Amino acid sequence: MAARTPLARHRRGRLCRRARQGIRRRSHRHLWSRVGASRRLACSAARLRDRGRRVRDLGRRPRVPDGALRVQLRRQPIDAPRLRRLLVVLADARERPAIGVRAVRRIRRAVSARARRLAPRDGCAQGIDDRGGAGRVRVRVRAAAGSRALEFPLPRLAARGAGARARRRRARGTVSDDVRAGESAHRIAGGIPSAGEIPACHLAGDRAGDGDAERAAATCEASGRMTRAALIVIVAIVVVEAGWSAATTSAVLDEVTYLDVSRALYLHGDASRLSALGIAPLPIVLWYGLPALVAPEQFTKAIALARSAAIALAAVPLVLVVYYWLAMEIDARAGAVGAALVALSPNVVAHGALATTDVLATGCSLAALAALAQYVDRPTRPTFALLAGTTSLAVASKYSALALFIIVAVVMFTRFRSRIRGACAAIGVIAATTFVFVWALHRFALVPAAFPYIEHVNVPAPVAGVLFQLKHQREGHPSFLMGMHSGTGWWYFIPAALSVKSTPVELVALVAATVISLLPRRDGTTSDLVWRAAFILFGALALVGRVDIGIRYVLILIPLAVLLVTTWVCGTFARPRIVVAASAIALAIQSVNAASVAPHYLSYFNTLAGGPANGFRYLADSNVDWGQDLPALRAAFERVGARRPLLSYFGSAPLNAYGVTADPWLSGDQAELQPWDWVAISVTNLNGVYLSGDPFAPFRPVEPSTRAGYSIFLYSTARADVQRAIADASVRLPWSTGIR
């Protein structure tokens, strides 16, 4: 065999490139001849497989894995999330009103079900057109067993934006046929509006005349303005609620710790305390950069600055993520309802007002899940970069967000069954990006690993932080639940805590979301798969976890339940009146519950538990008492005229920073030194969660004289039962704190 010259190799490579370009550009009917030509030119099948995923998609019959619909328009396969926009283009090109989200969901489900019945592995939607008669759309389903056309009713809907303006101009007679054709061609070529720009505006009649088109355009423009106004109102509600709570509460335990860690990082360059406490770095960077430079004497100013940044960068983005995800999946009105339900959640507002990690991790995790759904539907470089970036932010917010990698793997392996190797490579790139990003926030520090057998080994700071969290989970944490104490928690702690801490709407949504997630479903969208996988995983981790401190660890379950249930309601009930009535009732109940406890959102308990006044009987720590009621305690002392109070405070905030003057009750010997006129005890100490010997057990049967918020009880020493309780508490010596 003659040796190949460089010129021959060059010609052969050029022919291979041309063959591959021809494969990409040619239609389906010419595919295999081009593939054969490329093979005759000695192009290896492996290179074709690796380089041209489009070749494989065009050469094989598209499949419908678990209900993922493939729509073919102009011989180009389009994913299911773009189905609604394609139908809008088709309807607008024929001067028909835009199709609505409920009709799209019915079409998608019917096509997927019919395709699976015809050929479970090879069914696909061959084409969509609007030649199904007046007011109907026709979808042709192709499978191995044959081809069949399905027709669906096309509701009277209208699109806002360029299409609506063009219809209004056409109604006035100011647009010629050539201009109309050009506009339709532009819409088909690329000027497709996004799903959030197409609100469903129902009109009466089978075909709209000029007056109907005019009214349709006006109605849709009004609907768009109302949606934007609703979003502004929702954001304002979040800011007002969280700002009110932040202004009327003192610094909680974690905020004091984060402020000390930030000063060590920014003033001394010491990043070891972050990993030593298992704290993710992003909240420290975002919240406490400027407060760390504030003088220690201005403690309240530093906390106020950190909380303002947390509200703007965590609480508000969380609501916006919920809104835009629902707007893309359903419509803008559904997004507004879901965002309002999350914005009115007392638990979300309570932690959104604090400069801690929980709401930031929840928002970043939801953004990462949304980016995952976008990437699976459209696997492009921008969507992959978005997925890697949001996942990095989530893990940098809280190390428990590492569970996102399990969700990413499950969803990718489910949707990309024929490309497992590529999915594994994508997950590896995301993991590497996340590690480098989090380590960079630690300033690439190497610290000792606080883990058995490797205590003296220096590892990257993020690895040390994750190892600390694993050690904490293995050892457990002191917990309190309905009068019971445990060092390792209970498997049913989170379900029990959610049952008393959730509003009635959230409780119904959590139960419904559990049922929806566990029921098998093959015709769901990618977002539906992501929601169900995330809800099941985070719920399962809550059951097996041994750090049962509060529901803040599973705060993400609330927006996930809202997303799942809102989508299910909009897709199940065809009558808009039912959906509107259910939304109005849910918003009313959520608003009443949020207003009933304002601004003490952290101590919220539902009516089934007896309200926030009885919350101390069920839970402790960050569920009811996190050291947040020092301003309320100062007001209570002024109200009762306390001259020399005695205080057992669960927290680390400085008392003088909030104007509280009291003697700290540190041991039982103090009970015989001075005759105090008032005794104040935090409910976490009252339940003896972190105190050895349970010293304040004699106070539990005693009814408090008054309260500071819902977390500190005040007792007048003029009462005989209080004097006996003080004497009994002084006998229980010594005691020590076990706060960690």
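The values are calculated or read from the model by the stated rules, or taken from the named source; none is laboratory data. Since this is a predicted model, take the numbers as computed values, not measurements. Positions of Cβ are backbone-derived with ideal geometry, glycine not excepted, and every protein chain shown enters the neighbour counts.
Residue check: Ala295 meets all listed conditions (1) touching a Pro at 6+ places or on another chain (Cβ under 9 Å); (2) outside any helix (DSSP H, G or I); (3) among the hydrophobic types (A, V, I, L, M, F, W, C) but one, namely (1). Against the numbered list (1) in contact with a His (Cβ under 7 Å, 6 or more places away or on another chain); (2) within 19 Å of Ile330 (Cβ to Cβ); (3) of a type in the set (Val, Ile, Thr), Thr567 comes up short only at (1).
The residue that is nearest to Ile427 (Cα to Cα), counting only those in the stretch 365-387 that are in a helix (DSSP H, G or I) and more than 16 Å from the chain's Cα centre (by Cα), is Phe384. Based on this model, can you work out whether Ala653 counts as within 30 Å of Pro296 (Cβ to Cβ), assigned to a loop (DSSP other than H, G, I, E, B) and of a type outside the set (D, E, K, R)? So Ala653 passes the test.
When the stretch 585-608 is filtered for residues that are touching a Pro at 6+ places or on another chain (Cβ under 6 Å) and part of a helix (DSSP H, G or I), the ones remaining, listed by number, are Ile589, Ala594, Val597, Tyr601, Ser603.
The rows are residues; the columns are (1) in a helix (DSSP H, G or I); (2) at pLDDT 75 or above; (3) not assigned by TED's automatic domain parsing to the domain that holds Thr362.
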site	(1), (2), (3)
Ala213	yes, no, yes
Cys220	yes, no, yes
Leu231	yes, yes, no
Trp244	yes, yes, no
Leu259	yes, yes, no
Ala264	yes, yes, no
Arg273	yes, yes, no
Ile279	no, yes, no
